[in-house]
Structures are given as C-alpha cells and as structure tokens.
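Structure first, then comments.
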Amino acid sequence: MVLEHEVEVGLNELDRRLEKVRDVFEEMNILITGGCGFIGSWMCDLLIRWGSNILCIDNLSTGKIDYIDHLMKTGRFKLINKPVEKVKEVEFRPDVVIHMAARASPEDYMMHPVETILANTLGTYNMLEIARKHDAIFLFTSTSEVYGDPEDEYIPTPEKYWGRVNPIGPRSCYDESKRLSEAMCMAYHREYSLDVRITRIFNSYGPRLRWDGAYARVIPRFIYQALMGQPITVHGDGSQTRSFTYIVDTIEAHILVMTDNRARGEVFNIGNNREISILELARIIKELTKSSSEIVFKPQRPDDPKRRCPDISKIVNMLGWKPRTELREGLMLTISWIKSHLTASH
Ligand code: UDP
C-alpha cells in the first residue's frame, strides 16, 4: 500500500512540530513491538522518515502488514512476525525499546483474555530484559484503563490516582496486566536503574484505527455505520464519556517523552481534556458524514467506565505538550481515510 494522504498530512505536521528533536533519531536503533498496529505504524512511519533503523515485533493479531510494507523497501525496517511473549532475544542492539504490542479494543481483548495477559506480562518481561542487556531507554505505552472506573471526584484523573479496577471482571485481563507491566517497569527502574518511561494513552483515534469487523473502536465503528447507512449502535444510554486524542497529537507526545530526560522514571497521561458523551459523539459523526443512519441503543458493556477524562497538567507543565487537533478536524480526517478505504475495497 502507498502512504495514505491523511497519514502524509499528519507526518508533515509532525515534521514541523518536532523540528528541534528529529535529528536525534537519525541512525538510532529502535526495537518496537506492535509496530504494525494503529499507533505503532504511525510511529514507524515517522521514525523511518527521520532516519532510524527499526526492528518490529508484531504477530499481526490486530495490526496490518499493509501499514508497513512500504517501509520494508527502505532496507531499514525489519519485521519479526511472532507474539512478543515468545521473543527472548534479538539480533539487534536497540537504543530504545518501545513496547506497544497489545490488543486494545475491549471486545477484542475480552475474546482473547489469555493472549492479552501474556503480551502484557511475559511480553513486557522479555522486552525489559532486552532493554536491560543493551542499556536502552524503555518506553511502555500503558493505558487510561489502569484507572478502571474512577469516582467522579477523580475526573479529570491525575497520574497519582491509584485506580478502581475490578480484578476479576471481564476487562481485568487488560487492565490488570497493564498495571502489572507498569509495576514491572518501575521495578526495573528501581532495581537496575533502567531508564523507563511510561505513557497512559486515553482513547487515541485517527487513520489506521481499525474500522472493519467486530473489534472496531467506537469512532471508526460509528463512522463506518454512518457511511454505510447502518444504525449507529450506542451502548447503554450513551451518557458514558470518553476524551479523544487525534493520533498526530498522541505521536507528538510520545516523541517528547522519548527525547526529554526529565521523563526518566516518570508516567504521563496522554490525552485530551475535552470530555464528550458517546451519544454526543454519535450525533457529531452523523452530522459530519451527512448520514441518514438512525441512532439505536444497545445493552451496556460489562464494567464499562462511566467517565474517562485525563488531567494532563503534568505533561503540559513538564514537557510543554498539549493536544492541538480539534475533535471535528480529526474526525474529518478519519472519515476521509475510511471513505477512501471503502472505495478501494468495493
Ligand atoms: N461504544 C458504543 N457503541 C459501539 C462501540 C462502543 O456505544 O458500537 C461505547 C463503549 O460502550 C464505550 C465507548 O463507546 O463506552 C468507547 O468504546 P471503545 O470500544 O472505543 O473503547 P474503550 O474506551 O471502552 O476502551
């Protein structure tokens, strides 16, 4: 597949925003897990463009080879097609290890709870060991799910909140294993002085987030339904909230975390502090796609967090990052990307 127009636009924007730090990545060796996924493939595109050498570990369980096949041709990108929990050694000397591999879609991880746990436990352990051996920086992409379903008084949620997670509920395979990964990262930091950096990502979206199939996250799913004239399926009464961050902003934050040494041993919320209900989201998507789809209500998901909104003051104050893409602008780019894929597949 050739680089999609909307991705190219985003990468150009990142070139501009990150002009001061991009040189650091020239000739850098980066081991990335989950590099064929949504966020990972954006990261790979950017880093290859900036001159890095990448070894990617991905079993293509949720990622797509289409997103990275143009990178193979550069000769600076290699793929190991294996689950991360099975990779103990690599013939590569990484300067940075980015551990992103995970099944992040609730419907997906609830169907594959064991694999989900293995990638976030044994997988994290394997990658930490590789980072330790080479004294590499270890970037772990964690999740807002470590907070579970916070009480209202912890919305917006700061990093120091400990979370309210059901340890045996259907989401626990993801939430608890991400929490254990964070604990493991901090243990390596304390015991071996490994340079670990943790991000907690709050509902990022944009081109390349899966729109097809039963596992699509809410934004691409609503867009697909709206474009196809199918009912837009809101779970529960739609009053539950999320805070959505456009992929370009998410990637920018990760680059800053990787390049700023004040981030060593730290954890950062990465998200948007604009909270929106799922019903309002459905209405906006219907409007932007000019769709005649009706909005229908389906049963609520088990243990679905009622509100999710990050307190981002830590990353704003420490690293000078903030989300800049307006929701409607990011949605239009996502709609345009999904439209071109629908056209190509028909
Ligand atoms: N959602 C929905 N309809 C759908 C898919 C999701 O109403 O067809 C809701 C879901 O119940 C949750 C929110 O949208 O409240 C976000 O779901 P997503 O799967 O994107 O991931 P989450 O933020 O829960 O991890």
Open item on the list: Charges at C-beta only: +1 for Lys and Arg, -1 for Asp and Glu. How large is the resulting dipole of region 96-226 about its Cα centre, in Debye rounded to 20?
Closed with: 320 debye
Task: Pairs beyond 28 Å (Cα-Cα), from Lys82/Lys286; Lys86/Lys160; Lys133/Lys178; Lys20/Lys133; Lys178/Lys306 - done: Lys82/Lys286; Lys86/Lys160; Lys20/Lys133
Open item on the list: Quick check: at a probe of 1.4 Å, how many percent of the accessible area of the chain sits on carbon and sulfur atoms?
Closed with: 51 percent
Open item on the list: So if each residue of separation counts as 0.36 nm, and I subtract the Cα-Cα distance between Arg76 and Glu91, what length gain in nm does that give?
Closed with: 4.0 nm
Task: Cα-based reach from Lys298 at 13 Å (exclusive), listing aspartates and glutamates while leaving out same-chain residues under 8 positions away - done: Asp237
Open item on the list: With a 1.4 Å probe and all protein chains left in place, how much accessible area per residue does the chain have, in Å²?
Closed with: 42 Å²
- [ ] Work out the FRET efficiency for Val21 and Tyr192 from their Cβ-Cβ distance, taking R0 = 30 Å, and round it to the nearest 0.05.
- [x] 0.70
TODO: Quick one: Debye curve from the alpha-carbon atoms of the chain only, equal weights, vacuum; give me log10 I(q)/I(0) at q = 0.13, 0.15 Å⁻¹ to two decimals.
DONE: -0.99, -1.38
TODO: Out of all DSSP beta bridges with both ends in the chain, state the antiparallel percent to the nearest 5.
DONE: 5 percent
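The values are calculated or read from the model by the stated rules, or taken from the named source; none is laboratory data. Predicted, not measured: the structure shown is a model, and the values here were computed from it. Positions of Cβ are generated from backbone atoms using ideal geometry, with glycine treated the same way; all protein chains shown enter the neighbour counts. In case anyone asks, the SASA skips ligands and DNA or RNA and just uses the protein heavy atoms, side chains included. Shrake-Rupley method; radii C 1.70, N 1.55, O 1.52, S 1.80 Å.
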